[in-house]
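The values are calculated or read from the model by the stated rules, or taken from the named source; none is laboratory data. None of these values were measured; they are calculated from a predicted model. Positions of Cβ are backbone-derived with ideal geometry, glycine not excepted, and every protein chain shown enters the neighbour counts. Keep in mind that these areas ignore ligands, DNA and RNA; they rest on the heavy atoms of the full protein, side chains included. Shrake-Rupley method; radii C 1.70, N 1.55, O 1.52, S 1.80 Å.
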Amino acid sequence: MAVDHCPVCARPLAADPRYVTWCQSCGWNLNATPVVSEPARQVEREQKLADALAAGRTPGPERSLGAFLLSLPVLLVPLPLFLGGVALLVFYRPLLFAAPFAAIAFIFTAIFRPRIKRLPSAAPAVTRERAPQLYDVLDRLAAQTGTPKLDSVVVTTDTWIAVDRIGWRYRRVLRLGLPAWAVLSPQERYAVLAHTLYDDQRGAHDRVLGAAEHILDELAATVQPGALDSAGNGKLKSSEGVVVLVGQGSDDQVLHSRLVRIASAVFGPPIRGYRLLLRRLDLTGRQRREYRIDRRVSEHVGSEPTARSLERVLLAGTCYRALERAVRFEPGSDPLDVLRRTAAEIPEHEFVRLVRLDEARNGRADVDHPPTALRTRLLRATPTPTTAVFAPSKDDELAAAARTASAHLRDHY
């Protein structure tokens, strides 16, 4: 470890060539990457909600009737479109004129269709026989949280841990991201698993809103022009600081580019506006629910392990990159050993940097969760004692599945 001095405040710095050198006193070189900005109104609402909960005020409703009613028209679109397309083909003549309109109706029906979630092929399952301790912990947590037992556990190289509903039978499957799992202590793993099971307790309201948001996201992505949609339009393009002229393409390319821009201008604003309104209506209630789950988890395991688990997950990206390097340049290495070694070698100043950077970016686990900094602040503002729990600690139970998952990661190179 080389020691340098901050050019701003002259404080000594702990320098490690593997990580960003920065100053914890004045924040020099903290913002090494661009800050992701969010609407000021949303940030203000989130801060007011956190302040109200910290002051002990009544949390309020966790479900928005307006958001639920606004979601229903989105889900009811596929059936009329499908029936309208069939009616055009059956009753309207000449068929030459009916077929194009029926095709448009069927295309929109396909866009609005219900989605069935499936596990990726690179997600090997872990059986009860191979991981008895993990399943024992999960069964106890299911009893404590009042949820059914999980159907299965799969291991991935993702940087998150979550419960997915898979297939037509809606099976509850725990996706265990190895990089996130490796950076957590047993107590913190218990907290993450408990939060995951509580978070899976979603009723018809949450499922309807989730399906509507997914459809709106798909529609917004469909009408948004991509890189290929603007090819051959004779415009100047900038790539890595170099300005180049994309030559005029064929008439079909030019027509396609113009049609895409027209579709984006006509359909893009109402789709994005509808989606924004839906999220605004459901924002406060959804975040109240997440704060309540955080509080319930802290009652099981303690407020400090719960808050610490939210912060430690920020190191998962570092572990994932180390696993990628090992897969590419050390094909015979054990993935669990790589992840454990990387997690143990991450210095404290790098952990503090990631926490501060996440706070500056108003970072969050996903769109459903409040900012992580507000969650940890609220947990520590109303502390609960750390309790002894039977937590998962035997990583060797996941060894076979970890090797299979890393083998799939190797196939990408």
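Got a sec? Charge dipole of the chain, +1 on Cβ for Lys and Arg, -1 for Asp and Glu; which of 307, 22, 83 is way out at the positive end? After comparing all options, I get 83.
Simple point charges give the picture: +1 on the Cβ of Lys and Arg, -1 on the Cβ of Asp and Glu, and for region 34-176 a dipole about the Cα centre of about 440 debye. Taking all protein chains as they are arranged and a probe of 1.4 Å, the heavy atoms of residue 93 leave approximately 140 Å² accessible to solvent.
Placing a pseudo-label 7 Å from each Cα along the Cα-to-Cβ vector at residue 217 and residue 411 gives an inter-label distance of 2.4 nm. Taking the chain as a Gaussian network, where each spring joins two C-alpha atoms under 10 Å apart, which residue of 98, 343, 381 fluctuates the most? Maximum among the listed residues: 98.
Comparing 392, 327, 374 along the charge dipole axis of region 325-413, the residue lying farthest to the positive side is 374, per the Cβ-charge model.
Here the chain is scanned for GluC sites (Glu not before Pro) in DSSP loops (not H, G, I, E, B) that have at most 16 other Cβ atoms within 10 Å, and the longest stretch holding none of them is 241-413.
For the chain, the relative contact order works out to 21 percent when only alpha carbon pairs closer than 8 Å and six or more residues apart are counted. Overall shape of region 346-413 was characterised from the C-alpha gyration tensor. The equivalent ellipsoid obtained from it has semi-axes of 30, 21, 13 Å, in decreasing order. Between 202, 128, 321, the Gaussian network model of the chain with springs among Cα atoms under 10 angstrom shows the greatest mean-square fluctuation at 202. Taking the DSSP bridge list for the chain and keeping only pairs wholly inside it, about 75 percent are antiparallel. Surface listing: 379, 30 arranged by accessible area from highest to lowest gives 30, 379, probe 1.4 Å.
Heavy atoms of the protein chains alone define the surface here; on that basis the chain has 54 Å² accessible area per residue at 1.4 Å probe size.
Run the paramagnetic zone check for residue 72: 7 angstrom along Cα to Cβ, then residues of region 279-303 with backbone nitrogen under 19 Å. Zone members listed by number: 279, 281-282. For residue 129 and residue 360, a Förster radius of 41 Å and the Cβ-Cβ distance give a FRET efficiency of 0.35, rounded to the nearest 0.05. Distance from the Cα centre of region 35-109 to that of region 342-400, in angstrom? Cα centres, region 35-109 to region 342-400: 33 Å. Stretching residue 255 away from residue 52 to a fully extended chain increases their span by 67.7 nm, per 0.36 nm per residue minus the current alpha-carbon distance.
With R₀ set to 45 Å, the beta-carbon distance separating residue 201 from residue 15 gives a calculated FRET efficiency near 0.45.
Multiplying the residue separation of residue 367 and residue 99 by 0.36 nm and removing their Cα-Cα distance gives an extension gain of 92.5 nm. Note on residue 40 and residue 144: their simple-model spin labels are 4.4 nm apart, each label 7 Å out from Cα toward Cβ. Of the solvent-accessible surface of the chain, computed with a 1.4 Å probe over protein heavy atoms with every protein chain present, carbon and sulfur atoms account for 60 percent. Here the chain is assigned +1 on the Cβ of each Lys and Arg and -1 on the Cβ of each Asp and Glu. Its dipole about the Cα centre then comes out at about 1060 debye.
Across all directions, the average flat footprint of the convex hull enclosing the Cα atoms of the chain is 26.5 nm². Using only Cα atoms, tell me the angle between helix 186-199 and the longest principal axis of the chain; keep it within 0 to 90° and round to the nearest 10. The angle comes out near 30 degrees. FRET efficiency for the pair residue 404 and residue 116, taken as 1/(1 + (r/R0)^6) with r the Cβ-Cβ distance and R0 = 25 Å, rounds to 0.55. Relative to the longest principal axis of the Cα atoms of the chain, the long axis of helix 132-145 makes an angle of roughly 70 degrees. Where does helix 348-360 land angle-wise versus the long Cα axis of the chain, in degrees 0 to 90, nearest 10? The two axes meet at around 40 degrees. Helix-only arithmetic for the chain: the sum of -39500 (n - 2.57) across DSSP H runs with n ≥ 4, divided by the residue total, places the mean residue ellipticity at 222 nm at -18500 deg cm²/dmol.
Multiplying the residue separation of residue 396 and residue 328 by 0.36 nm and removing their Cα-Cα distance gives an extension gain of 22.2 nm. When only Cα pairs below 8 angstrom with a gap of at least 6 residues are kept, region 81-201 shows a relative contact order of 20 percent.
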